[in-house]
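See below for the structure under consideration.
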Ligand code: SF4
Ligand code: SF4
């Protein structure tokens, strides 16, 4: 297994990390037998970084980590990362949440402790509820080794968060799709220029880069039919020099074996390999998407229809075969704000800088629902 020494803190970790948020399930519950076998294989392969959170698997992920990892393997053969949920900490108290997490995990020491889902406004929230103070006290008491944060905010807000504290590490969403099509490069540069340890999440974009549109899959299979699309995404991330750990939320043993193979040892993408990924991005850009930039200029819709969110969900179906939009549309959007509420007033179309025929596109999408 490829190992890596993190900058500043000097901790040695495996470059491949296991995210405990997409474990195999049965009737909505973690399938322990299957998931434990995956953990055993990862430990055997030398994977040392395991990432969980208070909220994962409806609160069951930390309990799973206690039983499958901490209870069954030598404590010095791995490190565990978990996260403080600011919303829950506000309700229960930050110290109470932390104590609960240690109890659920069954360990006296949490190696990597993150403020969960930070964005530009979260620093104030964190201070107000005393989350940072608790984390620092717990570090002084030896109950936490390193403090960091996971970031889901806008790229422009990241410098403010990075400079707010003397963080030991940072966890970012990063993948080739967000690098070439979003703010990934800026986020990466902001972290690496400060020389703090960088853990990457969503290298396969929630699985979307593994089950993407056939045009993209063809680019990869033409380049090498023996390599999975997910392995291209994982290796692209691992090839960035400033990344210490690439987290993968593995869901079955075949994903474990695929990842272990590519990180034992890790071979960076060649120039030819980088060109393959760029061709895949060209194929993404050529897909028949609704050209919505999520500028939100159409937010004055009198029916409060979340137009960019709907277009984004429809585009994700085309790009990634993602079903979240179809599955959750009627749960997430109130009936009075669904497409059927559109009165064809035209306010949105007058405001849209992309000239999208919004009313017609919404009607088409409604038919598919
Ligand atoms: S046309 Fe429909 S979607 Fe557009 S602003 Fe009017 S009600 Fe909202
Ligand atoms: S105004 Fe047009 S481009 Fe902007 S969010 Fe609305 S639909 Fe998308």
Query raised in the report: What ranking of 300, 137 emerges when the number of other C-beta atoms within 10 Å of each C-beta is taken as an exposure proxy, fewest first?
Result: 300, 137
Requested in this report: Report the full-extension gain for the segment residue 192 to residue 279: residue separation times 0.36 nm, less the Cα-Cα distance, to one decimal in nm.
Outcome: 28.7 nm
Report summary line: With a Förster distance of 41 angstrom and the Cβ-Cβ distance between residue 77 and residue 140, calculated FRET efficiency to the nearest 0.05 equals 0.95
Query raised in the report: Angle, helix 253-262 long axis vs. longest principal axis of the chain, Cα atoms, 0 to 90°, nearest 10?
Result: 80
Query raised in the report: Using the alpha-carbon atoms, what tilt in degrees (0 to 90, nearest 10) does helix 229-238 show relative to the longest principal axis of the chain?
Result: 60
Report summary line: Per the rule of 0.36 nm per residue minus the C-alpha distance, extending residue 63 to residue 8 adds in nm 16.7 nm
Query raised in the report: Relative contact order for the chain using alpha-carbon pairs under 8 Å, separation at least 6, rounded to a whole percent?
Result: 15
Query raised in the report: For 150, 340, 254, what's the fewest-to-most ordering of other Cβ within 10 Å of each Cβ?
Result: 254, 340, 150
Report summary line: For the chain, the longest principal axis of the Cα atoms and the Cα long axis of helix 271-285 enclose an angle in degrees, to the nearest 10, of 40
Report summary line: With label points set 7 Å from each Cα along the Cα-to-Cβ direction at residue 323 and residue 163, the distance between them in nm comes to 4.6
Query raised in the report: Taking the Cα-to-Cβ direction at residue 1 and at residue 32 and moving 7 Å from each Cα, how far apart do the two end points lie in nm?
Result: 2.3
Requested in this report: Only helical DSSP H runs with n ≥ 4 go in: add -39500 (n - 2.57) per run for the chain, normalise by residue count and round the 222 nm mean residue ellipticity to 500 deg cm²/dmol.
Outcome: -12500 deg cm²/dmol
Query raised in the report: Remind me, relative contact order of the range 297-368 in percent, using alpha carbon pairs under 8 angstrom and six or more residues apart?
Result: 39
Query raised in the report: What residue among 348, 295, 212 has the largest mean-square fluctuation in a Gaussian network model of the chain, using Cα springs under 10 Å?
Result: 295
Report summary line: Here the relative contact order (percent) of the range 129-256, from C-alpha pairs under 8 Å and at least 6 apart, is 21
Report task. For the range 297-368, just say rounded, prolate or oblate: build the C-alpha gyration tensor, square-root its eigenvalues into a ≥ b ≥ c, call rounded for a/c under 1.5, and beyond that prolate if a/b exceeds b/c, oblate if not. Result -> oblate
Report task. Please work out how much length the chain gains when fully extended from residue 334 to residue 270, using 0.36 nm per residue of separation minus the C-alpha to C-alpha distance, in nm with one decimal. Result -> 18.2 nm
Report task. Just grab the label-to-label distance for residue 40 and residue 96, each label 7 Å out from Cα along the Cβ direction, in nm (one decimal). Result -> 3.9
Query raised in the report: Roughly speaking, what is the centre-to-centre gap between the range 184-251 and the range 18-53 when only Cα atoms are used, to the nearest Å?
Result: 20
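Rule-based calculations on the coordinates, nothing more; no lab input. Keep in mind that this is a model prediction, so the values were computed, not measured. Positions of Cβ are backbone-derived with ideal geometry, glycine not excepted, and every protein chain shown enters the neighbour counts.
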